[in-house]
1. Inspect all residues belonging to the stretch 4-23 and state whether any of them is modelled with pLDDT of 90 or more and either polar (S, T, N, Q) or closer than 17 Å to ARG70 by Cα (or both).
2. Among the residues of the stretch 30-42, what is the count of those that are outside any loop (DSSP other than H, G, I, E, B) and surrounded by 12 or more Cβ atoms within 10 Å (Cβ to Cβ)?
Amino acid sequence: MDRKNYYGSGAEWSWHLAMMLFSVFATLQKWNLNPRTWLRWYLDACATAGAQAPSDIQPFLPWNLTEEQRRTMAQSISAQDSAEPSNSS
């Protein structure tokens, strides 16, 4: 998982963070979940918990999501992609 994935990271903590995020995003992709939607949901939970990670991570794991949560996060992939402007000039 490492090698050139974090090439150029200036500090050891930054490549640890990069490796963890790449792993999370690959898992979300495997479960067909929009990483942006999932991350927003998780960070909102952190903000609600007083800027702390939620005490129980289990509800955020893709295999513990309800069917409705999976559908919502999967559907938002096409909705967000179509709403974003293209960078072509």
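1. Taking every residue of the stretch 4-23 in turn, at least one turns out to be modelled with pLDDT of 90 or more and either polar (S, T, N, Q) or closer than 17 Å to ARG70 by Cα (or both).
2. 8
The values are calculated or read from the model by the stated rules, or taken from the named source; none is laboratory data. Predicted model only: the values in this text are computed from it and were never measured. Cβ sites come from the backbone with ideal geometry, for glycine too, and all protein chains shown count toward neighbours.
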